[in-house]
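Notes follow once the structure below has been shown.
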């Protein structure tokens, strides 16, 4: 059912429909805002009363709005159709008109005092227009007083979040000019900049940075815009963030580690040029070198080693970069590590595995052969009290 929410207006007398419709659309589209609707006499009691749930005129208006029928909407407004009528889900005629991209119908509804901020589950017409990148509709709604600060109920996101995530740069520009909060966080602490970074929306991201967005901020889990860019391989957005002054080590987890895990030479090279710490480890004590070795990214392994990466650190399982390389099965990565001095028999004091046993258990015969040729051995007996000096067992004299 539809029910009237606000006062019913009589916009114009019969015969004036076409002229009034054109004037209304022009006035709202070009920044004139909402004009006062004309009163042409008392409401016909047969069409409206306080207890009714739906009028025929409001239903016609609702139907016309979703079809983009400007003439039908204007006629419905003429006979007291309510511009703020809503359906059971809370959608207004204006929300549907904006969703369909119907500029003239939207202008008519706003001219008739349609509520620009009336929301269904917190989703306002401005949010709908922002998600679609409907620049003229965004301008129209802002001219008529729509708020850019409202959030939806599901995720706590604003119209700016939606425009940024979709990469609608001109919509982002309009919303920022209309008072949108550049660093507004949603229910998970995600800002518009983080969403633009995640999806690689360079144009929107640069606009947000110029508007003062905090590039170093993280969400509730500590993931920053920089981390999102690197994790998803967006090179242009990474460049924009680094140019804005954000540090290459910003965030809870090393972004160089994420780049190495992807095996991306351009990302790793750019981060190293920006003074990323090559041996910085994660909470699990994993380094970029370990991640690159396990992924079999031999070129990245070589790049990191030339930048000063250390082959000796161990993760929480006691595994070195060479053990990670053996587990990943890349003979090339294993060879590069050995060339840079990785100990061929350095094993784990946690589970007593060695590079050879890890390669064997995973069926990596090529990596196994490279290790054997380098002198890697598995000791027959290892003391249960052995600590890090298990790394010396089997080492070539």
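Throughout, read-outs are computed from the coordinates displayed, never taken from laboratory work. These figures come from a predicted structure and were not determined experimentally. Note: ideal-geometry Cβ built from the backbone for every residue, glycine included; neighbour counts use all protein chains shown.
Which percent of the Cα-Cα distances in the stretch 64-144 go past 17 Å?
36 percent
Give the calculated FRET efficiency between residue 232 and residue 154 to the nearest 0.05, with a Förster radius of 25 Å applied to their Cβ-Cβ distance.
On the way: r = 23 Å, r/R0 = 0.93.
About 0.60, to the nearest 0.05.
Sorted by average packing, counted as other Cβ atoms within 10 angstrom per residue and highest first, what order do 244-253, 109-118 take?
109-118, 244-253
May I ask for log10 I(q)/I(0) of the stretch 156-220 at q = 0.13, 0.26 Å⁻¹, from a Debye sum over the Cα atoms as equal point scatterers with solvent left out?
-0.25, -1.11
Principal axis extents for the stretch 201-350, Cα atoms only, whole Å, descending order, please.
54, 27, 22
How high is the relative contact order of the stretch 148-244, in percent, with contacts defined as C-alpha pairs under 8 Å that are six or more residues apart?
Normalised by residue count, the contact order of the stretch 148-244 is 24 percent.
Going 7 Å from the Cα of residue 350 toward and past its Cβ, which residues in the stretch 289-308 have a backbone nitrogen under 14 Å from where you end up?
Answer for this model: 290-291.
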